[in-house]
1. Dipole magnitude of the range 14-109 about its Cα centre, charges +1 at Lys/Arg Cβ and -1 at Asp/Glu Cβ only, in debye to the nearest 20?
2. Say each of Val92 and Asn25 gets a label point 7 Å from the Cα, pointing the same way as Cα to Cβ; how far apart are those two points in nm?
3. Near Lys72, which aspartates and glutamates are there with a Cα under 18 Å away, not counting those fewer than 8 places off in the same chain?
4. Over all distinct alpha-carbon pairs, what is the Kirkwood Rh of the chain in angstrom?
5. Under a crude label model (7 Å from the Cα following the beta-carbon direction), how far is Lys2 from Asn44 in nanometres?
6. Evaluate the distance, in nm, between pseudo-label points positioned 7 Å from the Cα of Ala10 and of Ala83 along their respective Cα→Cβ axes.
7. Report the residue, chosen from Lys17, Lys49, Lys72, that carries the largest GNM mean-square fluctuation when the chain is represented by alpha-carbon nodes joined by springs under 10 Å.
8. Work out from phi, with θ = phi - 60° and the Karplus expression 6.51 cos²θ - 1.76 cosθ + 1.60, the ³J(HN,Hα) of each residue of the range 95-101, listed in order in whole Hz, and give x for Gly and Pro.
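All of the numbers you see were taken from the coordinates with simple rules; none came from a lab. Since this is a predicted model, take the numbers as computed values, not measurements. Positions of Cβ are generated from backbone atoms using ideal geometry, with glycine treated the same way; all protein chains shown enter the neighbour counts.
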Amino acid sequence: MKSTKTDLVALLIEKQKRLPKRSMNLALVIDQARAGVYHDWESNLDMPKVRLVTDLQACRGIDLTTIVQDVKDGVYDESPTVAQLEELRLAVGSEEFDRMFPSENRGKA
């Protein structure tokens, strides 16, 4: 999987550089992506990828259809770190965490 904080940012910067005039909407999306707003595990949003698609589509006059489709197809779905999983376990409790992530689906140490 690709990262919204690095891979997407690099791709959007390249798009911005190829534009005849700087897009303020695209610049905002780049800044938010770099800050982790669209990251699955770091964002404060409930559905960061839905917001990302909406924000990309708001960039009028720029062909971002391939990127939007990649987001919808899960290309930018990030995996959690061990620390993020532990934080989730603490937040929801062990029983709920085990329902969300059954042990047979977890990685082996």
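1. Computed charge dipole of the range 14-109: roughly 700 debye.
2. Going by the 7 Å Cα→Cβ label model, 3.4 nm.
3. Here the aspartates and glutamates satisfying the reach criterion relative to Lys72 are Asp7, Asp40, Asp46, Asp55, Asp63.
4. Kirkwood hydrodynamic radius for the chain: 15.3 Å.
5. Result for the modelled spin labels: 2.8 nm.
6. Computed distance between label sites Ala10 and Ala83 equals 2.3 nm.
7. Its mean-square fluctuation being the largest, the pick is Lys17.
8. 5, 5, 4, 5, 6, 6, 10
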